[in-house]
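Colleague: First, the structure itself, so that you have it in front of you.
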Amino acid sequence: MFMKQFMLPNAKAMLFDMDGTIFDSESIYCQAWVDTAAKFNQHFTAKMYDEFAGVRSAECYRMASEMFDASVDMQSFISAHQTSVAQLKIHNLRVKQGFDQFFRQCIDKNLPMALVTSTRREIAIKNFSNTDYLAYFDVMICAEDVKLAKPEPECYLKACTELNTEAMNTLAFEDSNPGALAAIRAGCQTIIIPDYLPIEPEIAEKALAVVDSFAQLTFE
C-alpha cells in the first residue's frame, strides 16, 4: 500500500524517543503489566495500561500502588515486573518499521543526534545491545538525568543544550501523547509516529507532522 511521503525541513539536530519510537516495546510493557498483576492476584487489563503508556516507570509504579490491594508488596511486584519485561524483550523487542533506513540516512548526513527517553540509562543501553545504533548518538538523556518527566519539556531542552543547538532547529521524533507534548513544549519541530495509543487532536495539530512510520519521511 502506498504511503504518502512527508518531506522533512532542514534541521541541525535529530532527537529520538526510544520506547514506541525506535523499538516496538509498548506492547511488551503492557503484557508484562498484565502478566505480573495476575501473579499477584490483581485486576489489570491491557486497556488499563493506556494510562501508563509513555509514562516514566517510577510514576507507573506509584499509580499501580494506588490501584492494587494494600496487601501487595510493591517492591516484590516491581522486581517481578522488571523480570517479566526483560524476559519478554529477549525474543520480542523489534525495531520499528522504517527506522533503520531512516537512521542510516541521518548518519550519512552527519547530523548530530540525541536519544531522549524516560527509561533509565541501564535499561536503555540493554535495549540497544543487539544493534549498533547507540554509538551514533552524541547525547543520551535518560530518566535519571532530569527532575521532571515527560510531558514536561526538561528532557528535550537538556538535549538541545548538550547538542549546543536551539530547539526550533531540531526535529524530534515521538510516538506518545506525553512524549510529543514534551517535545512541542520545548519548541522542537515534532514528528509524531503513533504507536500504542492514538494521538490527542490538540497535540497532533501542534506537531509538524503525524505519520504512520519512518518509511514515510524523506529529506529535502
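Colleague: Taking the Cα atoms only, what angle lies between the long axis of helix 74-92 and the longest principal axis of the chain, rounded to 10 degrees?
Modeller: Orientation of helix 74-92: about 50 degrees from the principal axis.
Colleague: Another one. Can you spot the lysines whose alpha carbon is less than 23 Å from Lys89's alpha carbon? Ignore those fewer than 8 places along the same chain.
Modeller: Once the sequence-local lysines are set aside, what remains near Lys89 is Lys39, Lys47, Lys126.
Colleague: Could you give the size of the charge dipole of the chain about its Cα centre, using +1 on the Cβ of each K and R and -1 on the Cβ of each D and E, expressed in debye and rounded to the nearest 20?
Modeller: The dipole magnitude comes to about 320 debye.
Colleague: In degrees, nearest 10, range 0 to 90: what is the angle between the Cα axis of helix 177-186 and the longest Cα principal axis of the chain?
Modeller: It works out to around 40 degrees.
Colleague: Rank Leu111, Tyr136, Leu93 by how far each Cα sits towards the positive end of the charge dipole of the stretch 87-149 (+1 on Lys, Arg Cβ; -1 on Asp, Glu Cβ) and give me just the farthest.
Modeller: Most positive-ward Cα: Leu93.
Colleague: What are the semi-axes of the equivalent ellipsoid of the stretch 26-92, taken as the square roots of 5 times the eigenvalues of the Cα gyration tensor, listed largest first and rounded to whole Å?
Modeller: 17, 13, 11
Colleague: Can I ask one more? Out of the chymotrypsin sites (Phe, Trp or Tyr not before Pro) in the stretch 1-86, which ones are loop residues according to DSSP with at most 14 other C-beta atoms within 10 Å?
Modeller: Of the chymotrypsin sites (Phe, Trp or Tyr not before Pro), the ones in loops of the stretch 1-86 whose Cβ has at most 14 other Cβ atoms within 10 Å are Phe2.
Colleague: Pairs of Cα atoms under 8 Å, at least six residues apart: use those to get the relative contact order of the chain, whole percent.
Modeller: Contact order relative to length: 30 percent.
Colleague: On a 0 to 90° scale, report how tilted helix 26-39 is relative to the longest principal axis of the chain, with both axes built from alpha carbons and the result rounded to the nearest 10.
Modeller: It works out to around 10 degrees.
Colleague: Based on the Cα atoms of the stretch 86-200, what semi-axes does the equivalent ellipsoid have, where each is the square root of 5 times one gyration tensor eigenvalue, given in whole Å with the largest first?
Modeller: Semi-axes from the Cα gyration tensor: 21, 17, 15 Å.
Colleague: So for the stretch 1-69, taking the charge dipole from beta-carbon charges (+1 Lys/Arg, -1 Asp/Glu), which of Tyr61, Ala37, Phe6 sits furthest toward the positive end?
Modeller: Most positive-ward Cα: Phe6.
Colleague: With each run of n ≥ 4 DSSP H residues scored as -39500 (n - 2.57), what mean residue ellipticity at 222 nm is computed for the chain after dividing by its residue count and rounding to the nearest 500 deg cm²/dmol?
Modeller: Calculated from helices alone, the mean residue ellipticity at 222 nm is -11500 deg cm²/dmol.
Colleague: Two decimals is fine: what's Rg over Rh for the chain, C-alpha atoms, Kirkwood radius as Rh?
Modeller: 0.97
Values quoted throughout were computed directly from the atomic coordinates according to the rules given, and no laboratory measurement underlies them. Keep in mind it's a predicted model, so treat the numbers as computed, not measured. Methodologically, a virtual Cβ is constructed for each residue, glycine included, from the backbone with ideal geometry; neighbour enumeration extends over all protein chains shown.
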